[in-house]
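Since the structure comes first, as structure tokens, the remarks are kept for the end.
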Amino acid sequence: MKFDGDDNAYEFYKSYAHSVGFSVKKHQIKRTKEGQVKRRTYSCSKQGKKGFDKRREHVAFERPILRVGCLARMTCQLKNDGMLEIVSFEENHNHDLAPTPMKHMLRSNRKISYAQKAIADDAEKAGLSIKKTIDLLAVQNGGREHNGFLDKDYQNYIGTKRKATMIKGDGQAIMDYFRKAQAEDPSFFYLVQLDDDDLIMNMFWADGRSIIDYKYFGDVVCFDTTYRTNEYGRPFAPFVGVNHLKQTVIFGAALLYDETITSFKWLFETFLTAMAGNQPKTILTDQSAAMAKAIEEVFTESHHRLCIWHIYQNAAKHLSHVFNASDQFAKDFSACVYDYEDEEEWYKGWDDMLTKYNLRNNEWLEGIFSMREKWAMVYGRHMFTADMMSTQLSESINSVLKKYLKPKHNMAYFFDHYARLVEDRRYQEPLAEFKMRDTIPVLQANVEMLRQASKVYTPKVFKMFQEEFVKVLDYTIDKINKNEVRVEYKVRYAGRGTEHFVQFESSSQAVDCSCKKFEFVGILCTHALKVLDKKNIKQIPRRYILKRWTKDAKDGDLRSSVQVQGSSEKLIGKRYCNLHYNFREISTLAAENDAMYEHASEVFSNLLKDLQGMRKFSDVGTSPEELCSNHEEDHRVVAGVKKKATVGRPKGRIKGALELRKSHKVQSKPQVHFDLSFLL
């Protein structure tokens, strides 16, 4: 037999070996002066014998012997016609051959294809364990024996990939991630701040979709730095908001070196640069003096409010003895946060709470009292917060981040899992939109205003509005003042409770309530609706329908103009999945009878030959790494990621015997542990 190249000869011998039941390797080679293969020997993998090594004399464990001096081989020599011809062939072995059920385990018969690697990489990004991924591939291929590799091969592939990432370094991995993201999404924005030693200090990034979402829903931004979700212990700081469906949207994210005024100022200025200088109406944050100072200097047009969720978490920490002693305290504290409309009444309520629970000298309460204008609703009712002052949003974000991002993640895996988090959150929007357009909300009363609201508002916003509307009948209304321009009414629940004052102008149908619900939430309150009902106004005035809460909030969505391309690795995985699905449908049908089975087998055999021929004369077999290197890149060089100085003894330090003994004595004592992770 003759072959037109070394690789074809090797593939032939390998195919023969696998059918017989042994594994092969390339053995001896001779080349011409031009480098062309002149003579090549392919042998059984059990050729040769293990040499003696004096260093192994006292080794307690050695690997089992694989090579037993087998002489089975095939030798090819270059002929005048440029072909490699078989000149020697030894078919006899001195060992047992692998039986048919085990032939797939032969080493030279095992390989993880590019398509399988692409699927494995996707599974890694999706957070699937190695075992679950192997099980998935086994189900797709009809059993582990058809995977084309063993479990340990897959484990070695993942381990090698992770090790390569570590060798590359986190600094280079971060820059590679940003460059690749920008190549796939031209609207992707990132900025990295380096110190004098070219070490990464701070970084911010936002993709095209985030920038578009900010255009529509960036009126209120929640910014939080309380998450420590990477191996460097850096503050992870996402900028989030809420869309028209009352779902969390992510406008961008940052990893900070520290929480100083300088770092925050750099970040906020970078954020505004990415968002074309558009400042939010309100920004909600956790409590930080440095952050507050930076916001004051950068977000000059925005209101700064403290996130209520963090207020409650800190209250649970500092006032746990009061919360545990009285169920009523939580209600009284909540009233001071949300309920009051008049500042003097708020002062009285706060003072009564301090007296009632003997908290006048509580240091923490004195601290938050000094910042009352940033968290008490009595001072912020005129500021639009898109109903984000409630604790549910931040609590939801906290739980989501803990699900996806782990402190053990290095930077490369951190970014992969962050991308998965963003993708999963975004997929919830089309699901909710489909349900919104496929269903009709249930009206608790078949009246004109609710019919109008159900058509314009998204489901959750309509539910909020309907809850306000149905309470109208429980409220009483009294006229208390009137002039040529407006009429003032007093509205209260069932003639008792808090009084709300509503002003109404007939000429413009303008209605203004002292509770300011429209101002900070964006929908009319029960008190205003009571007055409209009194004036026989059956539809919501257009001025009181905020577009950001409507079904058409994203009319003119620019997403279609952002061209997002997939990398070659992703494309290989997608092609594989599509072909796998189609071939599975064909196989299911062809297995029904012999005629269809024979026909499908013949077509598949011819198709395989055609594809192998095409691959030989094209770049289809080029590795994903080569295909990905064609785009233009930012060649900025970074030395690494700046680490904070270790305080105390390093965690990885080897302890001495005496220290270990002391540690053991301490651990042997009974201890009480409190889970305070939510307060980080």
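The values are calculated or read from the model by the stated rules, or taken from the named source; none is laboratory data. No experiment lies behind these values; they were computed from the predicted model shown. Note that each Cβ is placed from the backbone with ideal geometry, even for glycine, and that neighbours are counted across all protein chains shown. The accessibility values were calculated without ligands, DNA or RNA, using every heavy atom of the protein model including side chains. Shrake-Rupley method; radii C 1.70, N 1.55, O 1.52, S 1.80 Å.
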Under the Karplus curve 6.51 cos²θ - 1.76 cosθ + 1.60, θ = phi - 60°, whole-Hz ³J(HN,Hα) for segment 205-210, x wherever Gly or Pro sits:
8, 7, 8, x, 5, 4
Give me D for segment 299-394 in µm² s⁻¹, whole number, from Stokes-Einstein with Rh from the Kirkwood sum over alpha-carbon pairs, 10 °C and 1.306 mPa s.
113 µm²/s
Cβ crowding within 10 Å averaged over residues, with 111-120, 66-75, 240-249 ranked highest first
240-249, 111-120, 66-75
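May I ask you to order 419-428, 279-288 by the average number of other C-beta atoms within 10 Å around their residues, highest value first?
Averaged packing, sorted descending, gives the order 279-288, 419-428.
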Going 7 Å from the Cα of Val68 in the Cα-to-Cβ direction, what parts of segment 84-110 have a backbone nitrogen less than 17 Å from that spot?
91-100, 102-103, 106-107
Ignoring ligands, DNA and RNA, what percent of the accessible area of segment 90-140 is carbon or sulfur (1.4 Å)?
55 percent
Over segment 285-378, with every protein chain in place, what whole percent of the accessible area is carbon and sulfur at 1.4 Å, could you tell me?
44 percent
Pair-distance profile P(r), taking every C-alpha pair of segment 79-153, with 5 angstrom steps and integer %:
3, 12, 18, 17, 11, 9, 9, 9, 6, 4, 1, 0
Average silhouette area of segment 403-534, convex hull of alpha-carbon atoms, in square nanometres:
12.3 nm²
In sequence order, calculated HN-Hα J values of segment 262-279 (Karplus, 6.51, -1.76, 1.60; Hz; x Gly/Pro):
4, 5, 5, 5, 4, 5, 5, 5, 5, 4, 5, 4, 5, 9, 6, x, 7, 8
Quantify, in whole percent, the carbon and sulfur part of the accessible surface of segment 457-562 (1.4 Å probe; protein heavy atoms only).
45 percent
When N counts the residues of segment 321-360, how does its alpha-carbon radius of gyration compare numerically with 2.2 N^0.38 Å, as a ratio?
1.14
Which length gain, in nm to one decimal place, applies between Ser605 and Asn593 when the Cα-Cα distance is subtracted from 0.36 nm times their residue separation?
2.5 nm
Starting from the 7 Å offset along Cα-to-Cβ, what nm value, one decimal, do you get for the label separation of His321 and Phe369?
1.8 nm
Probe 1.4 Å, protein heavy atoms only - accessible area per residue of segment 1-141 in square angstrom:
64 Å²
Expressed in angstrom and ordered largest first, the alpha-carbon extents of segment 215-304 along the principal axes are 35, 27, 23
Tell me, what HN-Hα J-couplings in whole Hz come from the Karplus equation 6.51 cos²θ - 1.76 cosθ + 1.60 at θ = phi - 60° for each residue of segment 134-139, using x for Gly and Pro?
4, 4, 5, 5, 5, 5
Tell me which residues come under 5 Å, amide H to amide H, from Leu546 once H is placed; ignore anything under 5 positions away on its chain.
none
For Ser23, other-chain or 5+-apart residues with amide H closer than 5 Å (H placed, Pro excluded) are Ser45
Check which residues have an amide H placed less than 5 Å from Met388's amide H, if you skip close sequence neighbours.
none
Note to self: with every protein chain in place and a 1.4 Å probe, segment 479-556 gives an accessible area per residue in Å² of 51 Å²
